[in-house]
Amino acid sequence: MPARTSTRSARASGAVSHKSSVSNFNPRGSTASRASASSANPDVPPETPDNALRAQVATVFRDAQRTTASHRKLAVTLRKIQEACCYEPTDAKKSAAADFEEDDFNTEFLRCVLRVIPVKKSEGVGEKAIRFIGLFLRHAVDKDNEVLGEADQDASTMPETPTTRLTGHLIENVLPLMTAKDKFVRYRSTQLTSHIINSLDAIDDDLFQKLRQGLLKRIRDKEAMVRVQAVLGLGRLAGNEAEAKEDSDDSDRDGAAVGLLEKLLEVLQNDPSADVRRSLLVNLPILSNTLPFLLERARDQDAATRRAVYSRLLPALGDFRHLSLSMREKLLRWGLRDRDENVRKAAGRLFRERWIEDCAGTPPPAENGQAEVSPPNLDALLELLERIDVVNSGVENGVALEAMKGFWEGRPDYREFITFDDNFWETLSAESVFVARSFNDFCRSEGNGKYEALVEEKLPEVTKVAFFLERYIKVLIDAVKRADEMEGEEDEEEDTVEQEFIVEQLLHIALTLDYSDEVGRRKMFALLRQTLSIPELPDEVTKLTVEVLRDLCAPDAAGEKEFCSIVLEAVADVHDTIVDDQGDDAEESFHSARSEVSSDTTPTKKRGKTPELSEEEAAKKAIKEIMINMKCLHIVQCMLTNVAGNLQQNDHLVAMLNNLVVPAVRSHEAPVRERGLVCLGLCSLLDRSLAEENLTLFMHFFSKGHTALQITALQILTDILNVHGAQLLTSNLTLLKVYIKALRSGSKAPEVQAAATVAASKLLLGRVVSDHEVSAELLKTLVVAYFEPASSGNQSVRQALNYFLPVFCYSRAENQDLMRTVALDALHTLYNVREGLDDDDADVEDEMVSLATIGACLVDWTDPRKCYSPGQPADALEKKNVNGDVHLDFAKNILERLDGNCTKEEKKIIAALLGKLYVSPTSSEDKIRDVYADVCEAVDTQTLSDATGRNALYKIHVGLGKIVNNLDAAAADPAGAAFRRSVSRSTSVGVDDKTVLQEERTVVMRGSQIKEEDEEVEEDMDGTRTVVEGTVMEDSLVDDLLSEEETL
């Protein structure tokens, strides 16, 4: 199509000249245009006389606002109008637009665009119009390129076409509007600019820089919706600059690209709006330097942003195997353990649908395309487990179990496909055995037994499992011995770890098997009894072996005795290994557990002279002896965790305690002594007298031990109190001091403080501690620990108390009353702490929250409306009238403290709490009158001098005065009180007070009661008259008061 060469150059220059007229736009508004309907709307160029071209362009824009379905057709129509204005017609049929020039079309196009700018975000027509503008520009550019290809095309520079001139003219006019005062003008102009950037493939360099600068200013806009649109455009520019950097050696361009990316990454990390962060997450280019920041959003505080990481970013990333092993494990753990269910679902879907397809070799789906699902592939599943390091992530509390649980649930095709034949069991690897274990766990725990038949069909019988287990235990022991002989060989250590993992998974499967088959049960029993006697058996395998043995024995007392006998026989065998290895000169640190039971096997020392050992041999002998003793104690510890009977009724346990545990506690070797302490604590749980005898010992270990030993001692003491009752705590004040000391350890031992916080919280929340003084002291210490700056860096303490304190207070009214008794003492302690911070010139606000905030928390925790009460709605808004005795007692305590000798600053803080208390008309009448008398006395004596405290005092004075007046009126004449007006006693004005409050007069209309009485008379159908008794019952009085309060 030939161009109009006679006037094009003039029009091209003219197209640019419109910028001068646009620069005169007044963003404050004008009366010359429809766009100036409000004072914030931008002005538009003065209206020119109406013409045929305007009608055609306006009609297209009008239709484009209705639906997006016709946008493509309308873009073609508008393009024909543009061609008629910009090019010479090729056919004889002349269009109406052929009488107009290119400048005329650009002017009319801009005129319609400017009408879109003031449209509010909530109006859908704005979105449709802007989408149409981008579609038209893209279509026009493609058509211009076709025309240019027919004529001439310079590949080195961007060709100038009517659409490029139109785009430049449009951008030049829209850019100034991005700084307008009206937020919707800024929003639409930024949205239009970003949409144009994302619609076009190429933009002029000068225009590119202007767009970049304009959008960079908008990423700091105060409106989040503007920032969202700005980052949408800048994300595309950053991607183009990053691509240009790879192909260019221009250092200036490289610096600009880095600067833009750095700014966008800063916004991604710090912008307060979740929409902005999510837009950047989706639109930023995925590069080596941006990927860590993008994946970091998996820990974003916004759930939708976290979900976008798993549903959009990671699928778009491509093959997950490009990520590092640690990053894969972190992403999986963060996603599957997220607090939001949708994030967990997205992470599970990513694992079972996208990552498994990457391992299967399925190409990623095209954009907006449906992913192709490959048929089940065992090799792909094994590789997937290998890629998430199942040996480490498949252990207890590892994320692999959760991932595979979702995998089996979401992939029924794999459930049906998987088979466990003999070849599978004979060639087990870490990944394949985990497939079997996870499949077994899923089928037995999910679906309410729906998959039980499936697992019974696919897994072998107990006898066969026992034979496979025996085989892999032998391989494990050989690997352990080989690793000891070839110390330092990494390959041997890795092989040992894998073999240990295989045996662990087989034992997990054995825990769930049905042992009704006596042959299989006997085989498994004999195998595990023999296995437990192997000294080289790893600790985790030992623990699981003991658990399976307990499962094989009967659950009654006889079965427990049999279980203890078997385990202690294995302990004797393990301990006797040291005697066999060292010969007759072996010197025992303590007797074997079996020696007391079977006296003929008791090892005895040789009277003969023993050859002296070298220093190195003696050291090896001592180390081996310690290791054997530790192994024996570990087996005993595993056994005790599976025993629940009485210690004194089990001879095996008594013998074990006297001959193994007690000597271990007395040992000079620290590791042996500490493990013996744990065993002694477990024994104490089985016998109260033993626990009472050893309380002093456990406290001694806490006082003299290191951090880990102190935590162990605290856990033992807490378990003893939970099992045997808190009488031990009330009868032994030293034990209370242990907890208080641990809670106050603060920065000296943060781990000990965290353990003590959890322990004390359990004791209080479980109502194990019933003594009022002990409970009050523990609770006060916890409140102080929650707010004091010493625990600001101890997140374990803060997180535990952040859960405990509200739950404790809101669960029972007695707990709220306990909090009330310690609140002011805790506040006084925290006041002194804050004063100490002031003296040190520390940054108080960063170290500790304000005392006003602390007081507000204490009032909120004691709010009776938030306390759970059976039969009452849980919503606090519905609890309009509940018994508020706890806050009345709180007010009385505050007034007593104000009359005391506390400082002026502390009085200000305490007095302000009076205005936050809840005063309920359903509280006890005696307490209401008592507190009201104290408040009146405080008002009369002008106890408070500051205005804030007086206002708080007057507020509670007014509230109590209304209730007391109503009580007096109801008590004086209940029948005639319906027409009486009562004047509030709460004048609340001091004699010399500068803050004057008008006397509040409360008019009480009893109209509601009259209506109820009338209705009762009407409902009396037997003709007799209903007489209101002079004596008013308490419940009816409460109802009357409630109705009065609602009418006020």
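Here, each number is a calculation from the coordinates, and none is a lab measurement. Because the structure is predicted, anything quoted here is derived from the model rather than measured. Here Cβ is always computed from backbone atoms with ideal geometry, including for glycine, and neighbour counts include all displayed protein chains.
Taking 0.36 nm per residue of separation and subtracting the current Cα-Cα distance, fully stretching the chain between A971 and D63 would add 319.3 nm. Sequence-distant contacts, meaning Cα pairs under 8 Å at least 6 residues apart, place the relative contact order of the range 742-842 at 29 percent.
Taking θ as phi - 60° and the Karplus parameters 6.51, -1.76 and 1.60, the scalar couplings of the range 566-574 work out to 5, 5, 5, 4, 5, 4, 4, 5, 5 Hz in sequence order, x denoting glycine and proline.
Taking every C-alpha pair closer than 8 Å and separated by at least 6 residues, the mean separation divided by the residue count of the range 132-231 gives a relative contact order of 29 percent.
Entry note, the range 459-547: relative contact order of 41 percent, from Cα contacts under 8 Å with a spacing of 6+ residues. Evaluating 6.51 cos²θ - 1.76 cosθ + 1.60 at θ = phi - 60° for every residue in the range 855-869, the Karplus couplings come out as x, 4, 5, 5, 5, 5, 5, 9, 5, x, 5, 9, 7, 6, 9 Hz, glycine and proline recorded as x.
Modelled this way, with points 7 Å down the Cα-to-C-beta line, the labels at D302 and E669 are 5.9 nm from one another. Calculate, in whole percent, how much of the Cα-Cα pair population of the range 732-805 lies beyond 20 Å. The share of Cα pairs beyond 20 Å in the range 732-805 comes to 20 percent. For a paramagnetic label modelled on E518 (point 7 Å from Cα along Cα→Cβ), amide N atoms under 17 Å away belong, within the range 440-482, to 462-463. Dimensions of the range 313-353 from C-alpha coordinates, computed as largest minus smallest value along each principal axis and given longest first, are 27, 19, 16 Å.
Taking every Cα-Cα distance in the range 305-463 and sorting them into 10 Å bins starting at zero, the pair-distance distribution P(r) comes out as 10, 40, 36, 12, 1, 0 percent.
Peptides 634-645, 470-481 ranked from most to least packed, by the mean per-residue count of other Cβ atoms within 10 Å: 634-645, 470-481.
Eigenvalues of the alpha-carbon gyration tensor of the range 413-571, scaled by 5 and square-rooted, set the equivalent ellipsoid semi-axes at 26, 23, 12 angstrom, largest first.
Set against the 2.2 N^0.38 Å expectation for a compact globular protein, the range 164-213 has a Cα radius of gyration ratio of 1.09. Sorted on the mean count of surrounding Cβ atoms within 10 Å across their residues, most packed first, peptides 462-469, 308-315 read 308-315, 462-469. In the range 645-718 the Cα-Cα distances spread across 10 Å bins starting at 0 as 21, 55, 23, 2 percent of all pairs. Calculate I(q)/I(0) for the range 613-768 by the Debye formula, one identical point scatterer on each C-alpha and no solvent, and give its log10 at q = 0.09, 0.15, 0.21 Å⁻¹ to two decimals. Taken in order of the listed q values, log10 I(q)/I(0) reads -0.32, -0.82, -1.35. Directionally averaged projected area (the range 901-957, Cα convex hull): 4.0 nm². Per-residue Karplus couplings for the range 708-719, computed as 6.51 cos²θ - 1.76 cosθ + 1.60 with θ equal to phi - 60°, are listed in order as 4, 5, 5, 5, 4, 4, 4, 5, 5, 4, 5, 5 Hz, Gly and Pro entered as x.
Using the per-residue mean of other Cβ atoms lying within 10 Å as a proxy for protection, in what order, highest first, do the peptides 187-196, 333-342 fall?
On the way: 187-196: 26.0, 333-342: 16.3.
Averaged packing, sorted descending, gives the order 187-196, 333-342.
The simple spin-label model puts a point 7 Å past each Cα toward its Cβ; for D275 and D484 those points are separated by 6.7 nm.
Looking at the range 380-456, I'd like the Rg to Rh ratio, where Rg is from alpha-carbon atoms and Rh is Kirkwood's inverse mean 1/r.
Values: Rg = 12.1 Å, Rh = 12.8 Å.
Rg divided by Rh gives 0.94.
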